[in-house]
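Read through the structure below, which is laid out as structure tokens, and then see the notes.
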Amino acid sequence: MIALLSGTQALRTSAALVLAGAVLSGPVAMFVVAQVSPQPAWAGVERFADHYHPVQGLPYLLGFLLLSGFVFFSASCHALAAAPFRTRTAAALVFTGIYAALVFTNYTIQLGFIPRVLSERPAYVSALTMANPSSFAWFLEMFGYAAMGVATWLVAIAFRGSRRADAIRYLLVANGVLSIVGAACTAVFDRWVFSTAGMVSFAVWNALIPACYLLIAMTRGGGLEESCDGARPAAAEPERCTEDGAARSEGVTGDSKAIDLQRYP
């Protein structure tokens, strides 16, 4: 559906998708799993298999919604970005692709592979399940989201022109910092993701992302600085936008007071 939208509609819709995915795959899914069939603290493959229930795959299933939202968000940012920012948004697309590849692989393992082989209780499940805080799956997850953090950091500069856009920019940068630090801590400290610091980081992320993308979804134009209708001007001379969206040449003079909505650095 998002692919059929154009301009800022796609940006705001993708933000709403990220918002929905973050809330549903995080707090909502975790609450459902805790009520229906929680997995006890990791104590080996045998105990994991004994307490496994299909509902434990709900966070990963809904995680695909979040993943899709991030992909369309980065694509929309690049499509709408003004010329001075397009090198950064192009790089953000690459990092978003890295994120999508790592996290999609991880969720495929959690939803498809582990349930398929769990009846045999192979020892290698220990290295693949996210129930184990030391598993390889957590490195796929945390480094994947670090790549997405780099992407949000890169596109953040394009959000400007109003107080709300400034807030969005700061939140996107904060997500980059938080995600990169989280990946580094996962690599340095054993079982960090299930530690107190890891849980606090997870809680902060689950507040930051919904707040950021709610602002984008609510803001006219998504808060992204762009040319008048999302397209780069064909003329060499920069354009100005009036309140009603009509383009005017930079050379317009007189007493008319067109509001300059384009603030290239």
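Answer yes or no as to whether residue 39 is in contact with a His (Cβ under 7 Å, 6 or more places away or on another chain) and under 27 Å from residue 203 (Cβ atoms). So that I can check it myself, show each step before the final result.
Values: in contact with a His (Cβ under 7 Å, 6 or more places away or on another chain): yes; under 27 Å from residue 203 (Cβ atoms): yes.
Yes: the conditions hold for residue 39.
Going by what's in this entry, would residue 161 be described as at positive phi and small (Gly, Ala, Ser)? Outline the logic, then answer.
Details: at positive phi: yes; small (Gly, Ala, Ser): yes.
Considered against the rule, which asks whether it is at positive phi and small (Gly, Ala, Ser), residue 161 comes out as yes.
At pLDDT 85 or above, over 16 Å from residue 77 (Cβ atoms) and touching a Leu at 6+ places or on another chain (Cβ under 8 Å): is that true of residue 211 in this structure?
On the way: at pLDDT 85 or above: yes; over 16 Å from residue 77 (Cβ atoms): yes; touching a Leu at 6+ places or on another chain (Cβ under 8 Å): yes.
Yes.
Name the helices (runs of 4 or more DSSP H) wholly within region 15-88 that hold at least 2 residues that are within 12 Å of the chain's Cα centre (by Cα) and surrounded by 15 or more Cβ atoms within 10 Å (Cβ to Cβ)? Explain how you work it out, then say what you get.
Values: elements: 29-36, 45-50, 58-80.
Correct list: 58-80.
Could you say whether any residue in region 150-165 is among the small types (Gly, Ala, Ser), modelled with pLDDT of 95 or more and farther than 23 Å from residue 39 by Cα?
Within region 150-165, the first condition is being among the small types (Gly, Ala, Ser), and the residues that meet it are 151, 156, 158, 161-162, 165.
Subset that is modelled with pLDDT of 95 or more: 151, 156.
Those left that are additionally farther than 23 Å from residue 39 by Cα: 151, 156.
Yes; the residues of region 150-165 include at least one that is among the small types (Gly, Ala, Ser), modelled with pLDDT of 95 or more and farther than 23 Å from residue 39 by Cα.
Go over the candidates 160, 116, 164, 121 one by one and state the one that is among the charged types (D, E, K, R) and buried (at least 16 other Cβ atoms within 10 Å of the Cβ).
Details: 116 fails: buried (at least 16 other Cβ atoms within 10 Å of the Cβ); 164 fails: buried (at least 16 other Cβ atoms within 10 Å of the Cβ); 121 fails: buried (at least 16 other Cβ atoms within 10 Å of the Cβ).
Only one candidate passes the filter, namely 160.
Looking at region 203-213 only, could you name the residues that are under 17 Å from residue 141 (Cα atoms) and surrounded by 15 or more Cβ atoms within 10 Å (Cβ to Cβ)?
Residues satisfying the conditions are 205, 206, 209.
List every residue pair whose Cβ atoms lie under 7 Å apart, where the two residues are 6 or more positions apart in sequence or sit on different chains, the first residue falls within region 22-45 and is in contact (Cβ under 8 Å) with a residue 24 or more places away in the chain, and the second residue, located anywhere, is exposed (fewer than 15 other Cβ atoms within 10 Å of the Cβ) and not in a helix (DSSP H, G or I).
Sorted first by the residue in region 22-45, then by its partner, the pairs are 39/51; 45/121.
The values are calculated or read from the model by the stated rules, or taken from the named source; none is laboratory data. All figures in this text were calculated on a predicted structure; none of them were measured in a lab. A quick note on method: Cβ atoms are made from the backbone with ideal geometry, for glycine too, and the neighbour counts reach across all protein chains shown.
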